[in-house]
Amino acid sequence: MASLSTLLPNPNLISKHNSTLSSTHPCAYSWKNKTPTSKGRFSVSCSSSSQAYDVVVVGAGVIGLTIARHFLVSSDLSVAVVDKAVPCSGATGAGQGHLWMVNKTPGSATWDLASRSHQLWKTLVQSIEEQGLDPMVELGWKQSGSLLIGRTDAESDVLKGRVKLLCEAGLKAEYLCSSDLIKEEPDLLVDKDSAAAFLPDDCQIDAYRTVAYIEKTNRSFASKGRYTEFYDDPVKCFIRSDSNGEVKAVQTSKNTIYSKKAVIVAAGCWTGSLMQDLFRNWGMDLHVPVMPRKGHLLVVQNFNFLQMNHGLMEADYLNHPTISGSESPDHQKNLSVSMVASIDAAGNLLLGSSREFVGFNTNLDESVVSYIWKRVGEFFPKLKTLPLSDLSASRKVRIGLRPYMLLSVPNGKPVIGPVPGLSNVYLAAGHEGSGLLMALGTAEMIVEMVLGYPAKVDSTPFAVQKVLV
Ligand SMILES: Cc1cc2nc3c(=O)[nH]c(=O)nc-3n(C[C@H](O)[C@H](O)[C@H](O)COP(=O)(O)OP(=O)(O)OC[C@H]3O[C@@H](n4cnc5c(N)ncnc54)[C@H](O)[C@@H]3O)c2cc1C
């Protein structure tokens, strides 16, 4: 397996697989044939055709794109990425961008994957710097640290315990009492019971800049015939080989894309319905219980009303408490809103976050935005006095469907691994509210599985059969 430093493109890796895709193939990505999509991105324009790649990745969210990237930079395989729309049209485009460990629990099922991923992001940042580039420009990277804020005695005790655990796990973590906290965040409402867990090494990215960077990396392999994007081209079915029953191709609305080694399904909250559709033709039923968990993110552009030195999250976020029926007469009882605030690399205030199960609906719900604003006002008195209506010219709302995996233990844990009975089809989905953080570790895990390399992180907790019913 290539070392971490090779997570950037290695110009010396010449594909042995060029024959699978001629650089003059009508569908080969080239900057000459790029055409803007309706959403202003660039996509390969190609007529109906068939072609072969070693690996076909379904889904161009952060998970699918980083998997493609990891294959490209650490092997000589050719890769195609297929998406029904364009990158950032799914959950990824709504992601707040926090790569935080403050809300992760040492010893939990996702701890090792989250830690490894965190480390891989830092290594990527280092490699970008070594190339003379600025990670803030390339990824929207900021190491602003994170504060998990408690406001009661009971929460302070939880935070003390968490700091102890995080320190024992080798992270730099500090417990801040109220007087220390007010020094860090002078505009925060702090009383005698306030306290925080502070992780100075926690960091953030901007999802759009990061996705653009990963796409740029992936596209640098296109000229070698190793990378092609098929955007705005939904996958319709799998084609199985008559001889061994393995999936040999992915049929999209416009193309038949053959896979010589592996098909990776990273279709976020659509993974469950997609797998059911793909399997139905064979009289098989694979139940992947991933549910869309809708989230609103309020973005206030060029924000300068108050000082915010770190990323902030209220301790209650760990429980995602639901808004009670009386406070929320017009909502399902499952709406939860917790204060999560940060300032991104462009100086925008990002405020989250809401969670609700309302199917695949992505409509803007102004009442949810009002809840977010109200909740943030409870932590920042200066914002409490500012009506949301005053921000109408400078605000945006991003909405995404987090892929939430039911029936995994605990719920919300992703599935990463081969589909039972179909050894060349792998799932990588269900990262809920941590997909940006866990993307690089997930990508590494999938590549290790496909290529038979030793695992850096035990993949057992993420095995697909655990969620089959
Ligand atoms: C408000 C909000 C805040 C968040 N904040 C954070 C955060 O701070 N940190 C963090 O780590 N995570 C955060 N997340 C979670 C993170 O955004 C997700 O976990 C992550 O984006 C999931 O990525 P994905 O690639 O699995 O899914 P997606 O980004 O949804 O991508 C799935 C892709 O599959 C494609 N697809 C679906 N069906 C088909 C088909 N039939 N054929 C082809 N393509 C198909 C879709 O078009 C889509 O592009 C947040 C999420 C939300 C909503």
* Asked: Quick check: anything in the stretch 126-149 of a type in the set (A, V, I, L, M, F, W, C), under 30 Å from ALA262 (Cα atoms) and in contact (Cβ under 8 Å) with a residue 12 or more places away in the chain?
  -> yes
* Asked: If a residue has to be assigned to a helix (DSSP H, G or I) and more than 11 Å from the ligand (Cβ to nearest atom) to count, how many in the stretch 49-67 make the cut?
  -> 0
* Only residues that are in contact with a Phe, Trp or Tyr (Cβ under 9 Å, 6 or more places away or on another chain) and either surrounded by fewer than 24 Cβ atoms within 10 Å (Cβ to Cβ) or closer than 15 Å to LEU124 by Cα (or both): list them for the stretch 53-66, please. => ASP54
* Asked: If SER89 satisfies every condition in (1) touching a Leu at 6+ places or on another chain (Cβ under 6 Å); (2) within 15 Å of the ligand (Cβ to nearest atom) but one, which is the exception?
  -> (1)
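Just name the residue that is farthest from the chain's Cα centre (by Cα) out of those in the stretch 70-100 that are outside any helix (DSSP H, G or I) and of a type in the set (Val, Ile, Thr).
The initial filter retains those residues of the stretch 70-100 that are outside any helix (DSSP H, G or I), namely 75-90, 95-100.
Then drop every residue that is not of a type in the set (Val, Ile, Thr), which leaves 79, 81-82, 86.
On the way: VAL79: 20, VAL81: 16, VAL82: 17, VAL86: 15 Å.
So the residue we want is VAL79.
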* Structure fact -> Taking the stretch 387-412 and keeping residues out of contact with any Lys or Arg (no Cβ under 9 Å at 6 or more places or on another chain), at pLDDT 90 or above and within 25 Å of PHE360 (Cβ to Cβ) leaves ARG395, LYS396, VAL397, ARG398
* Structure fact -> When the stretch 276-292 is checked residue by residue, the ones that are outside any strand (DSSP E or B), in contact with a helix residue (DSSP H, G or I) (Cβ under 7 Å, 6 or more places away or on another chain) and touching a residue at least 60 places away in the same chain (Cβ under 8 Å) are LEU286, VAL288, PRO289
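Step by step: first the residues of the stretch 109-134, then only those that are assigned to a loop (DSSP other than H, G, I, E, B) and away from the ligand (no atom under 15 Å from the Cβ), then the one that is surrounded by the most Cβ atoms within 10 Å (Cβ to Cβ). Which residue is that?
First pass over the stretch 109-134, keeping only residues assigned to a loop (DSSP other than H, G, I, E, B): 109-110, 131-134.
Those left that are additionally away from the ligand (no atom under 15 Å from the Cβ): 109, 131-134.
Details: ALA109: 17, GLN131: 8, GLY132: 6, LEU133: 13, ASP134: 11.
Filtering the stretch 109-134 for residues that are assigned to a loop (DSSP other than H, G, I, E, B) and away from the ligand (no atom under 15 Å from the Cβ), the one surrounded by the most Cβ atoms within 10 Å (Cβ to Cβ) comes out as ALA109.
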* To do: Answer yes or no as to whether ALA173 is touching a strand residue (DSSP E or B) at 6+ places or on another chain (Cβ under 6 Å) and either of a type in the set (Asp, Glu) or surrounded by 19 or more Cβ atoms within 10 Å (Cβ to Cβ) (or both).
  => yes
* Those strands (runs of 3 or more DSSP E) lying entirely in the stretch 164-248 with at least 2 residues modelled with pLDDT under 95 -> 235-240
* Breaking point among (1) over 25 Å from the mean Cα position of the chain (by Cα); (2) assigned by TED's automatic domain parsing to the domain that holds VAL86, for PHE221 -> (1)
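Yes/no matrix, rows are residues, columns are (1) under 17 Å from LEU349 (Cβ atoms); (2) surrounded by 24 or more Cβ atoms within 10 Å (Cβ to Cβ):
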position: VAL369; (1), (2): yes, no
position: GLU378; (1), (2): yes, no
position: LYS382; (1), (2): yes, no
position: THR385; (1), (2): yes, no
position: ARG398; (1), (2): yes, no
position: LEU401; (1), (2): no, no
position: GLY417; (1), (2): no, no
position: LEU422; (1), (2): no, no
position: ALA439; (1), (2): no, yes
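Checking the conditions here, which among SER273, SER194, SER253, SER243 is small (Gly, Ala, Ser), more than 16 Å from the ligand (Cβ to nearest atom) and out of contact with any helix residue (DSSP H, G or I) (no Cβ under 8 Å at 6 or more places or on another chain)? Walk me through how you get there before you give the answer.
Details: SER273 fails: more than 16 Å from the ligand (Cβ to nearest atom); SER194 fails: out of contact with any helix residue (DSSP H, G or I) (no Cβ under 8 Å at 6 or more places or on another chain); SER253 fails: more than 16 Å from the ligand (Cβ to nearest atom).
Exactly one residue qualifies, and that residue is SER243.
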* To do: Quick one: which helices (runs of 4 or more DSSP H) lie wholly within the stretch 355-469 and hold at least 1 residues that are closer than 30 Å to GLU185 by Cα and within 16 Å of the ligand (Cβ to nearest atom)?
  => 366-377, 435-451
* Hey, SER78 hits all of (1) touching a His at 6+ places or on another chain (Cβ under 9 Å); (2) within 15 Å of the ligand (Cβ to nearest atom); (3) within 29 Å of TYR231 (Cα to Cα) but one; which does it fall short on? -> (2)
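Here's the yes/no breakdown for (1) in the same structural domain as ILE343 (by TED's automatic domain parsing); (2) modelled with pLDDT under 95; (3) over 19 Å from HIS70 (Cα atoms):
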| site | (1), (2), (3) |
| --- | --- |
| ALA109 | no, yes, yes |
| THR123 | no, no, no |
| GLN126 | no, no, no |
| LEU148 | no, no, yes |
* Asked: What are the residue pairs meeting all of these: first residue in the stretch 213-237, first residue within 10 Å of the ligand (Cβ to nearest atom), second residue charged (D, E, K, R), Cβ atoms under 6 Å, and 6 or more apart or on different chains?
  -> TYR231/ASP83; ASP233/LYS254; PRO234/LYS84
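The values are calculated or read from the model by the stated rules, or taken from the named source; none is laboratory data. Computed from a prediction, not measured in an experiment: that's the story for all the values here. FYI the Cβ positions are ideal-geometry reconstructions off the backbone, even for glycines, and counts take in every protein chain you see.
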